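K.L.:
Supplied in structure tokens, the structure appears directly below.
The values are calculated or read from the model by the stated rules, or taken from the named source; none is laboratory data. Only a predicted model underlies this, so the values are computations on that prediction, with no experimental measurement involved. Every residue, glycine as well, gets a Cβ built from its backbone with ideal geometry; the counts of neighbours run over all protein chains shown. For the accessible areas, the whole protein counts, side chains as well, though only heavy atoms, and no ligand, DNA or RNA atoms are used. Shrake-Rupley method; radii C 1.70, N 1.55, O 1.52, S 1.80 Å.
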Amino acid sequence: CLEPSVQMILALLGILKAGGAYLPLDPANPKERLAFMLGDARPALVLTRQALRSRLPDFSGVLFLMDADEDRLRTLPQTNPPCATTPDHLAYVIYTSGSTGQPKGVALAHRGVVNLLSDFQRRQAIQPGDACSWWTSPAFDVSVYEIFSPLLAGGSLQVIPENLRLDASSLLDWLDAHRIRSAYLPPFFLEDFAAWLESHPGASSLRRLLVGVEPILDALLARI
């Protein structure tokens with residue numbers, strides 16, 4: 001239960017390295033939704049930080065505060081744990097919105113995640129050092145692509161500042177200033193993106209764009 005940040009990446013990598021599967025709990029979600037997911041998934045451990053603790057419902061399992069418990073981390077071994085993870089072990093569980101009924105946990109194994117990321121890399125490779133952006137909530141499955149695609153290829157992951165996430169003009173300028181090579185943009189930004197490209201010919205560093213969730217007009221894609 002963390003906001004998009006370096007700390008969250010450390011948490012995700014730590015969970016996977018330990019052989020676990022991660023369940024993203026968006027602290028912006030209502031407590032009722034978080035309580036349902038915790039009760040349904042019954043995680044062994046919840047990673048969060050002190051300031052977010054009050055947003056979590058009561059939880060009977062182990063709660064680890066990544067900032068308040070930092071001293072405990074320094075006492076632990078720095079060697080790699082033994083790895084027993086196979087392609088068929090769970091990598092993550094992400095819950096559906098629940099807009100058509102009770103939210104359902106969708107469980108994905110490492111095999112499927114690696115297959116997806118390998119396919120993206122085959123179609124349009126990210127090179128070591130390439131900057132890639134992160135827009136979506138970790139509770140949305142597009143975040144799996146955004147987070148792990150650059151890390152597996154040796155790229156860098158740039159967290160889009162919260163105040164830019166819904167401001168198309170400022171976000172597009174930010175992508176340009178940070179020379180972002182791979183990005184996800186929500187469909188409602190695409191018209192602005194096409195107009196930005198037309199007013200800045202040849203300026204964009206973007207080489208890979210992921211869009212989705214709803215149909216995109218062919219004419220708009222052609223402009224981009």
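K.L.:
So which residues in region 29-48 are part of a loop (DSSP other than H, G, I, E, B) and surrounded by 15 or more Cβ atoms within 10 Å (Cβ to Cβ)?
P.N.:
Here is the first cut: in region 29-48, the ones part of a loop (DSSP other than H, G, I, E, B) are 29-30, 42-44.
Across region 29-48, the qualifying residues are ASN29, PRO43.
K.L.:
Pairs, please: C-beta under 6 Å, at least 6 apart or cross-chain, first residue at pLDDT 90 or above and in region 62-90, second open to solvent by less than 60 Å² (accessible area, probe 1.4 Å) and of a type in the set (Val, Ile, Thr)?
P.N.:
Listed by first residue and then by second, the contacts come to LEU63/VAL46.
K.L.:
Let me ask something else. Are any residues in region 2-26 open to solvent by 40 Å² or more (accessible area, probe 1.4 Å) and within 11 Å of the chain's Cα centre (by Cα), and if so, which ones?
P.N.:
Across region 2-26, the qualifying residues are GLU3, PRO4.
K.L.:
A further question on this structure: Could you give me the residue pairs with C-beta distances under 8 Å whose first residue belongs to region 189-209 and is open to solvent by 60 Å² or more (accessible area, probe 1.4 Å), whose second residue is at pLDDT 90 or above and part of a helix (DSSP H, G or I) wherever it lies, and which are 6+ apart or on separate chains?
P.N.:
GLU191/LEU220; ASP192/ALA168; ASP192/SER169; ASP192/LEU172; GLU198/ARG223; HIS200/ASP176
K.L.:
How many residues does region 177-188 contain that are surrounded by 19 or more Cβ atoms within 10 Å (Cβ to Cβ) and more than 21 Å from PRO215 (Cα to Cα)?
P.N.:
2
K.L.:
Does LEU63 satisfy being surrounded by 14 or more Cβ atoms within 10 Å (Cβ to Cβ), touching a Leu at 6+ places or on another chain (Cβ under 7 Å) and more than 23 Å from ARG111 (Cα to Cα)?
P.N.:
On the way: surrounded by 14 or more Cβ atoms within 10 Å (Cβ to Cβ): yes; touching a Leu at 6+ places or on another chain (Cβ under 7 Å): no; more than 23 Å from ARG111 (Cα to Cα): yes.
Criteria not met by LEU63.
K.L.:
Turning to a different aspect of this structure: Quickly run through region 1-54 and pick out the residues that are closer than 20 Å to LYS104 by Cβ, touching a residue at least 40 places away in the same chain (Cβ under 8 Å) and not hydrophobic (A, V, I, L, M, F, W, C).
P.N.:
TYR22, PRO24, ASP26, ASN29, ARG33, ASP40
K.L.:
If ASN163 satisfies every condition in (1) modelled with pLDDT under 95; (2) surrounded by 16 or more Cβ atoms within 10 Å (Cβ to Cβ) but one, which is the exception?
P.N.:
(2)
K.L.:
Right, something else. Within the bounds of region 124-131, is there any residue that is more than 30 Å from ALA177 (Cα to Cα), open to solvent by less than 90 Å² (accessible area, probe 1.4 Å) and at pLDDT below 95? Lay out the reasoning, then the answer.
P.N.:
First pass over region 124-131, keeping only residues more than 30 Å from ALA177 (Cα to Cα): none.
No, there is no match, as no residue in region 124-131 is more than 30 Å from ALA177 (Cα to Cα), open to solvent by less than 90 Å² (accessible area, probe 1.4 Å) and at pLDDT below 95.
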